[in-house]
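Visitor: Please find one structure pasted underneath; my questions will follow.
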Amino acid sequence: MGISWIALAFVIAMTGATIGLGIYATRKAKTASDFFVAGRSVSVFWNASAISGEYLSAASFMGIAGLLMKNGYDALWYPVCYATGYLFLLLFIAGPLRRFGAYTIPDFAEGRFDSPMFRRIAVTFVLFIGFFYTMPQMKGAGVTLGSIMNWPYWAGIVVVGVVITFNVAFGGMKGITFVQAFQYWAKVFAISLPVFVLMSVFGGYGSNLGEVASKPVGEPQITAETDVAVKGKEGYPANVMTFRDTKPVTLTLKNGAKIAKIDAARAITPADDSASWKFLRVTTTQPGLAYKRGSNDSATESQPGTYELKQADHDIEIPAGSTVEVRPQPVTSGSPQKVGAKLEFAEKTVVTFAAGSIVPNAPGNKRWIEPFGPFTSKFGYPLLYTYSLIIALICGTAGLPHILVRFYTNPDGRAAKRTTLWVMVMLGSFYVFPPIWGVLGRVAMPWLYANDTPDAVVIKLPMILENKLLGEILSGITSAGAFAAFMSTFSGLLVSMSGALAHDIYGKILRSTASAESRMLAFKASAVAIGLASIGLGLLVESFDIAKMVGWAFAIAAASYFPLLLLGSWWRGLTKFGAASGMLIGGLTSLAAIVTSMLLDKKIVSFSTTPLVRSLMEQPAIWGVPLSIAIMFVVSLLSRSHVPEDIHMKMLRLHAPEEMGLSKNYIDEGKGQGGH
């Protein structure tokens, strides 16, 4: 695929607008208050637009469509719960948090419990959550530029990382507020306009969904000969093709291929006659077919011809120009039941699928369209997995530091609650469209399953229109929208994490007498350092789903910040020991479970676990959130003598209407110190 210059022009225009608005707004960012909370002067409409722009990340713009296309309608929990989480914010957190009047969430943590030590714990989780959230934004950048420019994955990451780091370092919160508000409306335009054009060509949402539902035993098929680029072992698990057990699939390897191993598509049982399985029939036009059989034997076929390879064969080198027929095998001799094959490629190559081929890695129609499909049932506990995902997304929304800090930019608590209401409306309007993309992608572009690239469906789907000029224009619009998505979210994450380093660590812990000017300089230096670290992390997560990574960040936030903010705002009996214990144990155990699950997925570590344990590791919110809340409650009861003496006044500040005059900013900007 060549370079899409039209799409590149749209991306450059969006990037230029982002930089231009950032520079314009930077002129107004003069004080520490401007950098950290935009002078607490952002109106309800603009703040709602900015929050929506920041919240609609790569997971929303690209990830939901890709995850729904890949796994089916279980993925709808993501947009539903993303929006529902703001109801929790509206009811329980937005108003009290703004009335407390801090710069950062660690400010709230220290001020609520009169504990400078607690600030350090809170800062740690700002960084944990922030870095987890930056990784999918970086992947979105790499996928987008790779799709339109045919650049390597790392190039998009570097471009976005540098641009956004520049914007944040020079403009702070004031600089990015107007940028994020503009980017929300750009994303709504980019996700909606192209989909109406595509539906006029490929059919409406209802007709395409009806086509899938009408063939419950069917599966996606390629309608014309198609080339698919496949990754090597460094891209695991995207280098794996799993074929269904329905009928043979013919592949042409124009450049040859190296296959690490052949395996069954499911776990082998003692009743299976796996020794007789011959999954591959290789037809070569030149000598050089080589493979290993068992642990010691190896063979090199010196003559062109047709050869059959068994399930136990591995380290297979197939000459260029060969044709491979991947065939399902009977479970036992004479059995009507069959098992499909799974191929793991050792090196990247290009695979050509014949017209009519069933696409590997694609779930069947029935499994895709019904609840408890391949996404939630992969470990055998779909209901548990679903509830854990719901808890993570809803509670995590109410515990994301880079979102919560935006409520400090409202003039008062009442404005913060009205802002939240408008955010729910704006998000609900946007989330109508990603599922449509996912359905159209499954029907019109099924070959994205073969190399595990459904995340690119919103970029690549317009490119298959017969009118190539129109397709490139629409792809340019969606590419610009995708850039707006991860640029706006990455901006908010950088502000949140840079604020934590500059204000909380430098300005409160290391140099409590630091001037406003020195804290602003520390903010800029922190933005550069975190931007570079985020670029590095983005290079490590190419094989993970964008929306899935965001879900992990939500799970960590749900088990750490959500219990702190909920109980800290509404239960006067919460002590610093209880809050700290709950955050550390609930948050760190959830973090450890997720990181271990990621390492298992990448085969960096390997150990045996039960399906139940594996499900609870990948989605820990169902136990992490109750664990954190329970520990906070029990430890607070045991340490009730450490409830702050002025707790009644603190609770009044959190909940009393502003007209009573009790809500005062925790931060005294003139001194740069916490005030009470």
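The values are calculated or read from the model by the stated rules, or taken from the named source; none is laboratory data. Since we're looking at a predicted model, the values are computed, not measured. Cβ coordinates were reconstructed from backbone atoms using ideal geometry, including for glycine residues, and neighbour counts include every protein chain displayed.
Visitor: On the given criteria, is F92 in the same structural domain as P434 (by TED's automatic domain parsing), in contact with an Asp or Glu (Cβ under 7 Å, 6 or more places away or on another chain) and surrounded by fewer than 24 Cβ atoms within 10 Å (Cβ to Cβ)? Break it down into steps so the answer makes sense when it comes.
Guide: Numbers: in the same structural domain as P434 (by TED's automatic domain parsing): yes; in contact with an Asp or Glu (Cβ under 7 Å, 6 or more places away or on another chain): no; surrounded by fewer than 24 Cβ atoms within 10 Å (Cβ to Cβ): yes.
It is false that F92 is in the same structural domain as P434 (by TED's automatic domain parsing), in contact with an Asp or Glu (Cβ under 7 Å, 6 or more places away or on another chain) and surrounded by fewer than 24 Cβ atoms within 10 Å (Cβ to Cβ).
Visitor: Looking at R640, R614 in this structure, which one is under 15 Å from S590 (Cα atoms) and either at pLDDT below 75 or among the basic types (K, R) (or both)?
Guide: Details: R640 fails: under 15 Å from S590 (Cα atoms).
The match here is R614.
Visitor: A further question follows. Has region 568-590 got at least one residue that is closer than 23 Å to G142 by Cβ and in a loop (DSSP other than H, G, I, E, B)? Step through it out loud before you land on a result.
Guide: Our first condition is that a residue be closer than 23 Å to G142 by Cβ; within region 568-590, this holds for none.
There is no residue in region 568-590 that is closer than 23 Å to G142 by Cβ and in a loop (DSSP other than H, G, I, E, B).
Visitor: Look through K576, K508, K524 and report the one residue that is farther than 30 Å from A9 by Cα and modelled with pLDDT under 85. Please lay out each step first, then the result.
Guide: Details: K576 fails: modelled with pLDDT under 85; K524 fails: farther than 30 Å from A9 by Cα.
None of the others qualify; the one that does is K508.
Visitor: If I ask for residues that are polar (S, T, N, Q) and under 14 Å from F113 (Cα atoms), which ones from region 565-610 would you list? It would help to see each step written out before you state the result.
Guide: Our first condition is that a residue be polar (S, T, N, Q); within region 565-610, this holds for 569, 575, 581, 589-590, 596-597, 606, 608-610.
Within region 565-610, S569, T575, S581 qualify.
Visitor: Sticking with this structure for a sec: So if I check each of I105, I129, I121, which one is touching a Phe, Trp or Tyr at 6+ places or on another chain (Cβ under 9 Å) and either over 18 Å from L540 (Cα atoms) or not assigned by TED's automatic domain parsing to the domain that holds G507 (or both)? Before you say what the answer is, go through the steps one by one.
Guide: Numbers: I129 fails: either over 18 Å from L540 (Cα atoms) or not assigned by TED's automatic domain parsing to the domain that holds G507 (or both); I121 fails: touching a Phe, Trp or Tyr at 6+ places or on another chain (Cβ under 9 Å).
Being touching a Phe, Trp or Tyr at 6+ places or on another chain (Cβ under 9 Å) and either over 18 Å from L540 (Cα atoms) or not assigned by TED's automatic domain parsing to the domain that holds G507 (or both) holds for just one of I105, I129, I121, which is I105.
Visitor: Looking at region 424-463, which of its residues are of a type in the set (S, T, Y) and in a helix (DSSP H, G or I)?
Guide: So the first thing to find is which residues in region 424-463 are of a type in the set (S, T, Y), and the list is 429, 431, 449, 453.
S429, Y449, listed by residue number.
Visitor: What's the number of the only condition in (1) over 38 Å from the mean Cα position of the chain (by Cα); (2) aliphatic (A, V, I, L, M); (3) surrounded by fewer than 13 Cβ atoms within 10 Å (Cβ to Cβ) that A267 fails to meet?
Guide: For A267, the failing item is (1).
Visitor: Separate question: Can you name the condition, by its number, that P330 falls short on among (1) loosely packed, with under 15 Cβ neighbours inside 10 Å; (2) under 13 Å from S274 (Cα atoms)?
Guide: The failed condition is (1).
Visitor: Scan region 147-160 for residues that are in contact (Cβ under 8 Å) with a residue 12 or more places away in the chain and surrounded by fewer than 24 Cβ atoms within 10 Å (Cβ to Cβ) and jot them down. Steps first, answer last, please.
Guide: Initial filter on region 147-160 (in contact (Cβ under 8 Å) with a residue 12 or more places away in the chain): 147-150, 153-160.
Selection gives M149, N150, Y153, W154, A155, V158, V159.
Visitor: On to the next question. All but one of (1) in a helix (DSSP H, G or I); (2) modelled with pLDDT under 90 hold for S200, so report the exception by its number.
Guide: All conditions are met except number (2).
Visitor: Does region 571-602 hold any residues that are surrounded by 19 or more Cβ atoms within 10 Å (Cβ to Cβ) and basic (K, R), and which are they?
Guide: Residue satisfying the conditions is K576 alone.
Visitor: Within region 380-393, identify whether any single residue is modelled with pLDDT of 75 or more, surrounded by fewer than 24 Cβ atoms within 10 Å (Cβ to Cβ) and in a loop (DSSP other than H, G, I, E, B), and answer yes or no.
Guide: So in region 380-393, the residues modelled with pLDDT of 75 or more come out as 380-393.
Okay, now just the ones that are also surrounded by fewer than 24 Cβ atoms within 10 Å (Cβ to Cβ), so 380-387, 390.
Then keep just the ones that are in a loop (DSSP other than H, G, I, E, B); that gives 380-381.
Scanning region 380-393, I find at least one residue that is modelled with pLDDT of 75 or more, surrounded by fewer than 24 Cβ atoms within 10 Å (Cβ to Cβ) and in a loop (DSSP other than H, G, I, E, B), so the answer is yes.
Visitor: Right, R112: on the phi < 0 side of the Ramachandran plot and touching an Asp or Glu at 6+ places or on another chain (Cβ under 8 Å) or not?
Guide: Values: on the phi < 0 side of the Ramachandran plot: yes; touching an Asp or Glu at 6+ places or on another chain (Cβ under 8 Å): no.
No: the conditions fail for R112.
Visitor: Quick test for you: out of M497, M549, pick the one residue that is within 27 Å of the chain's Cα centre (by Cα), farther than 27 Å from S615 by Cβ and buried (at least 21 other Cβ atoms within 10 Å of the Cβ).
Guide: Working: M549 fails: farther than 27 Å from S615 by Cβ.
M497 is the lone residue from the list that is within 27 Å of the chain's Cα centre (by Cα), farther than 27 Å from S615 by Cβ and buried (at least 21 other Cβ atoms within 10 Å of the Cβ).
Visitor: Looking at region 423-440, can you tell me whether even one residue there is at pLDDT 90 or above, touching a strand residue (DSSP E or B) at 6+ places or on another chain (Cβ under 9 Å), among the aromatic types (F, W, Y) and within 14 Å of K70 (Cα to Cα)?
Guide: No, region 423-440 contains no residue that is at pLDDT 90 or above, touching a strand residue (DSSP E or B) at 6+ places or on another chain (Cβ under 9 Å), among the aromatic types (F, W, Y) and within 14 Å of K70 (Cα to Cα).
Visitor: A further question on this structure: Determine which member of the set T26, T18 is surrounded by fewer than 23 Cβ atoms within 10 Å (Cβ to Cβ), modelled with pLDDT under 85 and closer than 25 Å to V162 by Cβ. Talk me through it step by step, then tell me what you get.
Guide: On the way: T18 fails: surrounded by fewer than 23 Cβ atoms within 10 Å (Cβ to Cβ).
Of the residues listed, the single one that is surrounded by fewer than 23 Cβ atoms within 10 Å (Cβ to Cβ), modelled with pLDDT under 85 and closer than 25 Å to V162 by Cβ is T26.
Visitor: Considering only helices (runs of 4 or more DSSP H) fully contained in region 81-158, which possess at least 1 residues that are at pLDDT 85 or above and not small (G, A, S)? If you could, list the steps in order and put the result at the bottom.
Guide: Details: elements: 94-100, 105-113, 116-149.
Helices (runs of 4 or more DSSP H) meeting the threshold: 105-113, 116-149.
Visitor: Follow-up. How many residues, within region 515-542, are outside any helix (DSSP H, G or I), surrounded by fewer than 18 Cβ atoms within 10 Å (Cβ to Cβ) and of a type outside the set (S, T, Y)?
Guide: So the first thing to find is which residues in region 515-542 are outside any helix (DSSP H, G or I), and the list is 515, 539-542.
Next, from what is left, pick out any that are surrounded by fewer than 18 Cβ atoms within 10 Å (Cβ to Cβ): 515, 539-540.
Filter once more, so that each one left must be of a type outside the set (S, T, Y): 539-540.
Matching residues across region 515-542 total 2.
Visitor: Kindly evaluate L209 against the criterion of being part of a helix (DSSP H, G or I) and in the same structural domain as G441 (by TED's automatic domain parsing).
Guide: Details: part of a helix (DSSP H, G or I): yes; in the same structural domain as G441 (by TED's automatic domain parsing): no.
Answer is no for this residue.
Visitor: Further question on the same structure: L565 is checked against (1) surrounded by fewer than 22 Cβ atoms within 10 Å (Cβ to Cβ); (2) under 26 Å from A547 (Cα atoms) and fails just one. What number does that condition carry?
Guide: (1)
Visitor: For region 498-509, check the following and say yes or no: at least one residue is assigned to a helix (DSSP H, G or I), under 24 Å from Q183 (Cα atoms), of a type in the set (A, V, I, L, M, F, W, C) and in contact (Cβ under 8 Å) with a residue 60 or more places away in the chain. Please lay out each step first, then the result.
Guide: Pass one, region 498-509, residues assigned to a helix (DSSP H, G or I): 498-509.
Next cut, under 24 Å from Q183 (Cα atoms) only: 498-499.
Next, from what is left, pick out any that are of a type in the set (A, V, I, L, M, F, W, C): none.
No, region 498-509 has no match at all.
Visitor: Here is a further query. I need the full set of residues from region 212-224 which are in contact with a Lys or Arg (Cβ under 8 Å, 6 or more places away or on another chain) and either assigned to a helix (DSSP H, G or I) or within 22 Å of I464 (Cα to Cα) (or both), in order please.
Guide: Correct list: V212, E219, P220.
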